[in-house]
Amino acid sequence: MDAERPGGARGEDPPGGAATCKGPLPDKVLEGIRLFNARAFFEQHEALEEAWLAEPGPVRDLYRGILQIGVGFYHLERQNFRGARNLLTYGMDRLAPFEPSCRGVDVRSLRAAALRCRDELERLGRERVADFDMDLIPRVRVHEPVQVASKQGGSQTSAASVNPKG
């Protein structure tokens with residue numbers, strides 16, 4: 001199986017076909033992922049929303065899915081049980097067609113970690129949302145090297161600073 005082809009064991013093609021997952025990540029997506037990994041969830045929303053709205057192709061759902069998972073964690077930080085549960089679910093659902101990875105983003109691990117968080121949130125329930133272990137919040141992994149879209153219209157290889165070690 002091609003590691004860059006979404007669908008994984010389900011054998012599904014991503015919306016728009018396998019070519020959707022070829023190519024570089026725009027700078028705004030890399031910035032959004034960096035902010036997500038820094039747990040700046042409000043700010044990651046702003047960067048990823050800009051990329052999502054600017055992208056005419058089906059890969060926009062990749063960006064929107066990451067955004068929604070980040071917004072779920074934003075709600076979790078504010079102890080908004082319903083908002084956290086719903087946005088984690090929406091994001092996981094939106095990312096499903098892009099498994100196992102797309103444009104270097106490790107979609108499978110992000111979805112699995114978001115599912116663990118949602119399950120833990122539901123186990124705790126609305127009354128104990130404040131007891132959620134924030135150390136469970138994942139980071140978005142980007143395989144190195146990742147192709148980064150340049151402003152000059154080409155692409156360049158970058159050792160993705162969005163992939164923290166550890």
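The values are calculated or read from the model by the stated rules, or taken from the named source; none is laboratory data. Worth saying up front: this structure is predicted, and the values here are computed from it rather than measured. Counting neighbours? That spans all protein chains shown, and the Cβs are built from the backbone with ideal geometry, glycine included.
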- Residue list for segment 89-109, filter: of a type in the set (A, V, I, L, M, F, W, C) and within 14 Å of residue 139 (Cα to Cα): 105, 107
- Item | Exclusive hit being modelled with pLDDT of 95 or more, over 14 Å from the mean Cα position of the chain (by Cα) and surrounded by fewer than 21 Cβ atoms within 10 Å (Cβ to Cβ), set 39, 108, 85, 64 | 85
